[in-house]
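The block underneath contains the structure these notes are about, expressed in structure tokens.
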Amino acid sequence: MDWEAFALSLRLGALTVLLLIPLAILAGRALAVSRSRGKPAIEALVMLPLVLPPTVLGFYLLSGFGAGSFAGRAFEAVFGTSLVFTFEGLLLASLIVNIPFAMQPIQRAFEAVGPELREASASCGNGWWRSLWRIELPLAWPGILTGMALTFAHTLGEFGVVLMVGGSIPGETRTISIAIYDRVQAFDDAAAGEMAAVLLVISLATIALTFFLTQRIGRRHG
Amino acid sequence: MDKGLSIRVAQAAPFPLEAAFDVAPGEVMALVGPSGSGKTTVLRSIAGFHKPQQGRIVCNGVTWLDSAAHVSLAPRERRAGFVFQSYALFPHMTALENVMEALSDRPRGDREEAARSLLARVHLGTHGERRPAELSGGEQQRVAVARALARRPDVLLMDEPFSAVDRMTRRKLRQELEELRRELPMPVVLVTHDLDDVRRLADRLCVMHKGRILQSGKTAEVLANPADQTIADLLDIG
């Protein structure tokens, strides 16, 4: 069992959830209430990482983050480190790859709140923040939980993009799914099987816990 | 009109709308007409949920909308109590919390007592701890009325408030509202397509069709003397 890779995956998953979910809440809510004509185009863009082959996405991220790119040079100038083959680059890639997993359930949850409850909240004198905090977030909570679980579980399992952008540097970019691949390549089936089982249990537990909590919240709201 | 409500709204698109009327404090104005006649849009314009292309809405001396002067207060800045057709109660809150939500401008310590008193006023004093899903349609409507009154609104707007309940409950709720309205100091605008509601509750009525007011006046006068056959047909008194 590669505990270092396991810990790195957990750290990557937790940080991705922590950074992405607040943004997904704001963007998902904005898209849910938007009546803009550009909405379908933005929604398509949000979904793109879901349908693009991971290697294609990884290639573009590698080109976009590389030392020759503007983003890569700017990041290196500010933080003194490269974006490719580093944990920071992996995190950025993870944030981009997970946008649809976080955004989709959250946007749908905000859409389900409906315009009448927002209007009722406004007629109670609630401003944007108070309405979000008091009315919309509690009602959209099951969708937010689902977004968190999907993002976390997907980050643990992401392989193609991680390999392209991060490679397999122990302690820096080697996640548990890369470690499983390395072990299989080395014909170490016992270690690969152990890590695969751990990943399976964590993923299953995350999704099961999410379903349990969303069902409980759903029952409470009638 | 310094006190009360004065509204003039007009738009050509997305659907034509032209309406103008005044409602005095304590007076109930009913907007009557078939579906799509624009009555709910007028109500939503007053609350600020719909922004007509042109218009001026003044309530209790405060200008809520003046398109010529580019004035348009946000819905939360307009003191309008709104009873939605589907009640739009917050499903994760109890009846008491629903009413307290509209009392956020009052000191925290006073809110619960004020909310309980409002619930008692609509005969729901013992149901405060129940969530909307645990209340009947009639009880939900009463919570919606209590919540709309909680902000001490300058106007009470009611969109088909009895449409989601059965006939028996409807009669009971209408009777309760009849009693309540005598105590209400603010203008009330009631959207309905039920003439019984109009007869029992409204001092005046506006008959709307295709976005325009065809006739307005005192309830008894309009019902007795519809201006033409179209209005008589719309009121089903032909």
Practice task
Within 10 Å, count the other beta carbons around each residue, average over each peptide in A:121-131, B:61-71, and list them highest first.
Solution key: A:121-131, B:61-71
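Calculate for the protein assembly as shown the 222 nm mean residue ellipticity that helices alone would give, adding -39,500 (n - 2.57) per DSSP H run of length 4 or more and normalising by residue count, nearest 500 deg cm²/dmol.
My calculation for the protein assembly as shown gives -17500 deg cm²/dmol from helical runs alone.
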Exercise for the section: Give the calculated FRET efficiency between A:Lys39 and A:Ala71 to the nearest 0.05, with a Förster radius of 22 Å applied to their Cβ-Cβ distance. Expected result: 0.25
Practice task
Report the far tail of the P(r) of chain B, meaning the percent of Cα-Cα pairs longer than 26 Å.
Solution key: 38
Completion exercise
Karplus ³J(HN,Hα) for segment B:8-14 (6.51 cos²θ - 1.76 cosθ + 1.60, θ = phi - 60°; Hz, whole; x = Gly/Pro) runs 9, 10, 8, 7, 9, 9, x
Practice task
Taking the Cα centre of chain B as origin, work out the dipole magnitude from +1 charges on Lys and Arg Cβ and -1 charges on Asp and Glu Cβ, in debye rounded to 20.
Solution key: 300
Completion exercise
Within 10 Å of the Cβ of an average residue in A:125-133, the count of other chain Cβ atoms is 3
Fill in the blank from the handout: Taking Cα pairs closer than 8 Å and at least 6 residues apart, the relative contact order of chain A in percent is 30
Practice task
Count the DSSP beta bridges whose two residues both fall in the protein assembly as shown, then state the antiparallel fraction as a percent rounded to the nearest 5.
Solution key: 60
Practice task
Send over the per residue convex hull volume for chain A, Cα only, as a whole number of Å³.
Solution key: 136
Completion exercise
Per-residue average of other protein chain Cβ atoms inside 10 Å, peptide B:82-91 -> 5
Exercise for the section: Quick one: work out Rg over Rh on the C-alpha atoms of the protein assembly as shown, Rh as Kirkwood radius. Expected result: 1.13
Practice task
Would you please put A:47-60, B:83-96, A:106-119 in order of how densely packed they are, using the mean number of other Cβ atoms within 10 angstrom per residue and starting with the highest?
Solution key: B:83-96, A:106-119, A:47-60
Completion exercise
Which of B:Lys39/B:Lys218; B:Lys3/B:Lys172; B:Lys51/B:Lys210; B:Lys3/B:Lys210; B:Lys172/B:Lys218; A:Lys39/B:Lys210 exceed 28 Å between C-alpha atoms? The answer is B:Lys3/B:Lys172; B:Lys3/B:Lys210; A:Lys39/B:Lys210
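Coordinate-derived values only; no laboratory data. All values derive from a computational prediction rather than experimental measurement. All Cβ positions, glycine included, derive from the backbone under ideal geometry; neighbour counts span all protein chains shown.
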